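Student: To start, I am sharing the structure in question, which I have written as structure tokens.
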Amino acid sequence: MTDSSGSPRLQVMRAVEDGWNAFTKSPWPFVLFVLLFWVLSALFQAIANVVVVFAGNTSTTVQIIGLVVSWLGSTIISLWGVTGLIRGAWKALDGEKPNFSELIRLDGGAAGRLFINQLVLALILGIIVSLSLVISGQVAQLNEALVFIPAITAAVVFIYLAVNQKFLPWIALIQDGNPFDTIQSGRSGVDPSWWSVVLLLIIEALILLVGLLLCCVGLLAAFPVVICISTAAYRQIFGSEDSTGFLS
């Protein structure tokens with residue numbers, strides 16, 4: 001795993017400019033890919049909805065199979081969408097014009113790495129929340145006035161981790177290492193620029209909000225723009241070396 005100690009500080013506005021320029025190099029493949037992603041996601045969500053609606057008229061086995069198919073399909077589509085957009089954003093930042101075939105290419109190894117790393121992070125966050133609830137319950141028995149202290153502490157840790165793991169998908173796809181290496185790399189890389197990453201997250205949220213306000217159609221462009229901006233920010237902090245062959 002790349003050593004991120006002494007990482008350069010993030011220049012937020014430069015990342016925004018670089019990300020926007022990357023998107024405008026070849027916007028239509030990005031937009032069409034996001035549209036395809038939405039259609040496929042809606043398809044698997046529809047399967048789950050049908051199972052729920054007709055739950056009383058089908059056997060338990062059929063319901064379970066339907067929900068499992070829906071969950072597996074949604075998960076695979078989500079991983080495929082993220083890996084495709086990051087690959088396209090990276091190539092655009094390198095000055096290339098990513099084509100649609102590059103975006104839709106499925107990389108099973110990369111998707112697997114991303115899934116495992118996200119699962120480990122989710123488990124860690126789940127443990128934090130569970131411990132907070134247990135401690136809050138114990139504290140409440142002693143003094144109800146102190147019951148919120150564990151919850152506030154857990155919330156602070158949760159927010160801290162959520163920010164310094166902003167680039168976990170990129171690290172998982174592009175750097176070598178196990179999930180704990182990935183989390184540590186994210187922490188050591190982002191910590192020097194923690195507040196800058198918070199600002200980046202706010203700007204990206206505003207971009208997505210603008211896309212949402214444009215009758216949701218704007219999200220077709222806003223979502224890949226945000227991915228391009230995040231990829232530009234990742235490259236500032238962690239560099240542009242591909243240790244896993246994800247981009248080849």
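Student: Please enumerate the residues belonging to segment 92-102 that are at pLDDT 95 or above and touching a Pro at 6+ places or on another chain (Cβ under 9 Å).
Tutor: Scanning segment 92-102 gives a single hit, ALA92.
Student: Picking from ALA162, ALA151, ALA155, which residue would you name as being aliphatic (A, V, I, L, M), under 30 Å from ASP107 (Cβ atoms) and in a helix (DSSP H, G or I)?
Tutor: ALA162
Student: Could you look through segment 215-248, keep only residues that are assigned to a helix (DSSP H, G or I) and hydroxyl-bearing (Ser, Thr, Tyr), and pick out the one that is surrounded by the fewest Cβ atoms within 10 Å (Cβ to Cβ)?
Tutor: SER230
Student: Taking the criterion of being of a type in the set (A, V, I, L, M), on the phi < 0 side of the Ramachandran plot and out of contact with any helix residue (DSSP H, G or I) (no Cβ under 6 Å at 6 or more places or on another chain), would at least one residue in segment 228-244 satisfy it?
Tutor: no
Student: Restricting attention to segment 139-148, does a residue exist that is over 30 Å from MET13 (Cβ atoms), outside any helix (DSSP H, G or I) and modelled with pLDDT under 95?
Tutor: There is at least one residue in segment 139-148 that is over 30 Å from MET13 (Cβ atoms), outside any helix (DSSP H, G or I) and modelled with pLDDT under 95.
Student: Take the residues in segment 184-207 that are of a type in the set (Ser, Thr, Tyr) and farther than 14 Å from ARG235 by Cβ; name whichever of them is surrounded by the most Cβ atoms within 10 Å (Cβ to Cβ).
Tutor: Applying the filter and picking the extreme gives SER185.
Student: Could you tell me which numbered condition VAL51 fails, if it satisfies all but one of (1) touching a Phe, Trp or Tyr at 6+ places or on another chain (Cβ under 7 Å); (2) more than 22 Å from ASN117 (Cβ to Cβ)?
Tutor: Checking VAL51 against (1) touching a Phe, Trp or Tyr at 6+ places or on another chain (Cβ under 7 Å); (2) more than 22 Å from ASN117 (Cβ to Cβ), the one that fails is (1).
Student: Identify all residues within segment 130-140 that are within 29 Å of the chain's Cα centre (by Cα) and surrounded by 15 or more Cβ atoms within 10 Å (Cβ to Cβ); write none if there are none.
Tutor: The one that is within 29 Å of the chain's Cα centre (by Cα) and surrounded by 15 or more Cβ atoms within 10 Å (Cβ to Cβ): SER132.
Student: While we're on this one: What number of residues in segment 44-77 are at pLDDT 75 or above, more than 27 Å from LEU103 (Cα to Cα) and of a type in the set (Phe, Trp, Tyr)?
Tutor: 0
Student: Now for a different question. Sort through TRP170, TRP194 and tell me the only one that's part of a helix (DSSP H, G or I), without any contact (Cβ under 8 Å) to a residue 40 or more places away in the chain and among the aromatic types (Phe, Trp, Tyr).
Tutor: Just a single option satisfies the conditions, and that option is TRP194.
Student: Let me ask something additional. Consider ASN143 carefully, then state whether it is more than 20 Å from the chain's Cα centre (by Cα) and surrounded by fewer than 15 Cβ atoms within 10 Å (Cβ to Cβ).
Tutor: So ASN143 fits the description; yes.
Student: Can you pull out every residue in segment 54-103 that is touching a Phe, Trp or Tyr at 6+ places or on another chain (Cβ under 6 Å), among the hydroxyl-bearing types (Ser, Thr, Tyr) and within 18 Å of PRO169 (Cα to Cα)?
Tutor: Within segment 54-103, SER74 is the sole residue that qualifies.
Student: Follow-up. Report whether or not ALA92 is touching a residue at least 24 places away in the same chain (Cβ under 8 Å), touching a Leu at 6+ places or on another chain (Cβ under 8 Å) and under 22 Å from PHE167 (Cβ atoms).
Tutor: Here the answer is no, as ALA92 does not meet what is asked.
Student: What number of residues within segment 203-221 satisfy the criterion of being at pLDDT 95 or above and of a type outside the set (A, V, I, L, M, F, W, C)?
Tutor: Count: 1.
The values are calculated or read from the model by the stated rules, or taken from the named source; none is laboratory data. Remember, it's a predicted structure, so these values are computed and weren't measured experimentally. Every residue, glycine among them, receives a Cβ derived from its backbone with ideal geometry; neighbour counts consider all protein chains shown.
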